[in-house]
Structures are given as structure tokens and as C-alpha cells.
Amino acid sequence: MVKKFACVALALGVLTTLVACVSTSTSDSANGVDTVLVEGFGAEYQDLFEEQIAKPFTEETGIQVKYSAGGSGAEQYAAIRAANGDPGFDLAVMTSLELYQGSRDEMLTPVTPQQVPNMARLPQKLLNNTYGVGAIQDIQQVVLMYNRTAFPQPPTSWGVQWDPEYRSGALIFNPANILGVYALLNAAELDGGGIDDIDPGFARTVELAKYALATPTRSAEAVPFMAKETATAFPYLDGRAAIYSKTNNYDFTVPREGTYASLGSLGIPVGATHKDSAYKLIDYWLSEEVQQRWALAYNVGPAITGLQFSPDFAAKHITTPEALEEIKIADAATVVKNRTEWSRQWAEAVR
């Protein structure tokens, strides 16, 4: 009899454990609380998201937003793929490269104007880079960050990084960071190469690595060099560049050769629990008022056109149809196909 009761108790204990393991998101839904779980970038991005997006969205809709800071866009997508489309969050902040992968792998949910009416506001050039499985919420561009003391006037070419007077303060970003990919493309184009002929970019990387100050992986790793003013000129994204130009002796510019865009993107995993809430959050983010507010807070270009910005802001960021038309967007299929090999070649070049 004791043995029988023990077995019953064990079974009840297992049942209790299983019930306790049900996610908090399911519990929220059962309690009638609409929720959306967002996985995105950390540091200042999380702070801005909470203040500029999550808090006012909840006030307007009643939907609770729970944000977790993850890694890069590539790392967010790796989590989605590893979980076979059910990573435990409803919306991922990534880049358009991950949207391409999600479309190819069928790991992201379709996003169209039917579910997200404000998608209709996106210019066709941006819509083409959503691959039907996400939205683009902002546009960054790769800029040349420079030390104001070393350059009383803004440098006019990406090639200044190889100038003997400045190369000892150069930073060579790892292609594991998308910034490193675009830096390689810009370097290749200086000598007639490009996305389909990257070798000139690696040749320049080998040369610069002999003198460079550091080879960072994450954008934040550049900050100490700016604080000490040892960096001279290096590629950066305009969002962070604008932040640190206000607190350090640095400014940023787009050289005459032009540059590449990095498209901030939102994707919903196919196994997401709160898809309707995720759609609503995307639609909110793409509204005119929020687009303007987010662009000014994060120092980036908006995903929709027709908004008004000051001349100083517009001069530094992609805010007009003309600027969007001019900026280059790297072919996602080519980047995704070659990125692992480019990272291997980069490691050989800088060792």
C-alpha cells in the first residue's frame, strides 16, 4: 500500500513539474494579458527600445512587451534556426540578411500589408529586402568615423585608412560583425573589386593589418580607442557614430566612393506564440510618429519617406528618397553564401 501511494505521489510530482515548466508567456495569455516577447540588441539599443517603443506601445494598446537582450542579428537568427522556428520569443530584431535566411529556411512568418498595414509605407527598394517574411524599421549606413584632431577637415576617401600618416590608428572589423562585411566590400571597391570579386579587399586587409590598432568584433570595442583618442579613422554605423560623436573628439562622414546600408529588420519566428501581438508591434513601429521618434532617438534613417528632419540630421543620415536611391544594398544571397569563408580569409589576413 505504501508503495502504491508512493507511485501516485511521484506521478503527481511529475505532473506538477510539467505544469510549472509551461512558459510564462502561456501563463500571461491564460490570464488574459496580451504579451509580445522581443529578442534584440543590448546596451543603448535596449534602453532606447524600452523608452521609445515598448512603453508607449503598451500605453496605447495594453499589450505588454518583454524584451531580452541577445547578440547580433546573426546570433538571433541562429537561435531561431537551432530551435526549429520556436526559440521562445515572438519578435527578433535583426538585419535584412537574416530575413533572407529566414525566407530561404522557412523559419520566419510571412509579413504583408494584410497583417501589417503600415508595410504599405515602405519604399519598394526596402520591400524588396524583406523577402516577404519581415519588416524594415530603420536604415543605417556605414560611415567613416574620424579623429577631429587628426582630420581638421573630413576625410574624403575610404583609402585614408591606408595612409602612412593614419594607418596605425585604423580598426579592422571582423566579418562576424556585419560592419566588417561592408568594410571589406568598400575596401575591395577601392581597387576595382566588389561583392563578386572580394580579393582586392583582402589584399588591402593584409596590408592594413601590419599597422592597424586593433581588430574588433563588436562595435562597442571601438569605444575605448575613441576615449583614449588613439583611433584615427575607421568604419562605423551612423547610429552609434552619432552617439559617440557627441561625447568624444570624433565625427563621421560618407566618403566620395559611397557606402552600404545596414537595414534594421524585424522577424517573427514560425513557432511564435503571440504572432498577432507581434504584428501589432511592427505596425506601430512603422507609423509616422514612431518612425520619426525612433529615427531621432537612435540617430538612424527612417524606413518610410515623407518625414521632415533638420538639415543637420538629414546631412548625416538616410532620410530622403534620393539618399535611399543612392545608397548601396549588398546582395543578401551572396553575403550569406560567402560570409563564413570571408571570415576564414579575414582571420588569415589579420593574423
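The values are calculated or read from the model by the stated rules, or taken from the named source; none is laboratory data. Being a predicted model, the structure only gives us computed values, none of them experimental. All Cβ positions, even for glycine, are placed from backbone atoms using ideal geometry, and neighbour counts span all protein chains on display.
Within the range 183-232, the residues that satisfy the criterion of being buried (at least 17 other Cβ atoms within 10 Å of the Cβ), polar (S, T, N, Q) and under 18 Å from residue 252 (Cβ atoms) are 186, 219, 232. Applying the criterion of being out of contact with any Asp or Glu (no Cβ under 9 Å at 6 or more places or on another chain) and surrounded by fewer than 17 Cβ atoms within 10 Å (Cβ to Cβ) to the residues of the range 57-77, the residue that is modelled with the lowest pLDDT is 71. Applying the criterion of at least 2 residues that are hydrophobic (A, V, I, L, M, F, W, C) and closer than 29 Å to residue 175 by Cα to the strands (runs of 3 or more DSSP E) found wholly in the range 216-335 leaves 233-237, 261-267.
Scanning the range 105-142 for residues that are surrounded by fewer than 19 Cβ atoms within 10 Å (Cβ to Cβ), within 30 Å of residue 183 (Cβ to Cβ) and touching a residue at least 24 places away in the same chain (Cβ under 8 Å) yields 105, 123, 125, 132. I'd like to know if the range 278-295 contains one or more residues that are in the same structural domain as residue 125 (by TED's automatic domain parsing), in contact with a Leu (Cβ under 7 Å, 6 or more places away or on another chain), among the β-branched types (Val, Ile, Thr) and over 21 Å from residue 56 (Cβ atoms). No, because not a single residue in the range 278-295 is in the same structural domain as residue 125 (by TED's automatic domain parsing), in contact with a Leu (Cβ under 7 Å, 6 or more places away or on another chain), among the β-branched types (Val, Ile, Thr) and over 21 Å from residue 56 (Cβ atoms).
Inside the range 78-100, residues that are part of a helix (DSSP H, G or I) and either surrounded by fewer than 24 Cβ atoms within 10 Å (Cβ to Cβ) or within 13 Å of the chain's Cα centre (by Cα) (or both) make up a count of 9. In this structure, is residue 154 in contact with an Asp or Glu (Cβ under 8 Å, 6 or more places away or on another chain), farther than 19 Å from residue 302 by Cα and in a loop (DSSP other than H, G, I, E, B)? Yes, satisfied.
Taking first residues from the range 207-225 that are under 15 Å from residue 178 (Cβ atoms) and partners that are modelled with pLDDT under 95 and surrounded by fewer than 17 Cβ atoms within 10 Å (Cβ to Cβ), the Cβ contacts under 8 Å between residues at least 6 apart in sequence or on separate chains come to 220/43.
Reported count of residues in the range 145-165, each being exposed (fewer than 15 other Cβ atoms within 10 Å of the Cβ) and aromatic (Phe, Trp, Tyr), is 0. Flag not set for residue 168, criterion: surrounded by fewer than 17 Cβ atoms within 10 Å (Cβ to Cβ) and under 20 Å from residue 181 (Cα atoms).
Scanning the range 111-134 for residues that are touching a helix residue (DSSP H, G or I) at 6+ places or on another chain (Cβ under 7 Å), more than 21 Å from residue 270 (Cα to Cα) and not in a helix (DSSP H, G or I) returns a single hit, 123. Of all residues in the range 241-271, exactly one satisfies the criterion of being buried (at least 24 other Cβ atoms within 10 Å of the Cβ) and more than 20 Å from the chain's Cα centre (by Cα), namely 250. Scanning the range 36-56 for residues that are in contact (Cβ under 8 Å) with a residue 24 or more places away in the chain, loosely packed, with under 14 Cβ neighbours inside 10 Å and of a type outside the set (Gly, Ala, Ser) yields a count of 1.
Of the residues examined, residue 235 is one that is more than 19 Å from residue 71 (Cα to Cα), at pLDDT 95 or above, crowded, with 24+ Cβ neighbours inside 10 Å and not acidic (Asp, Glu).
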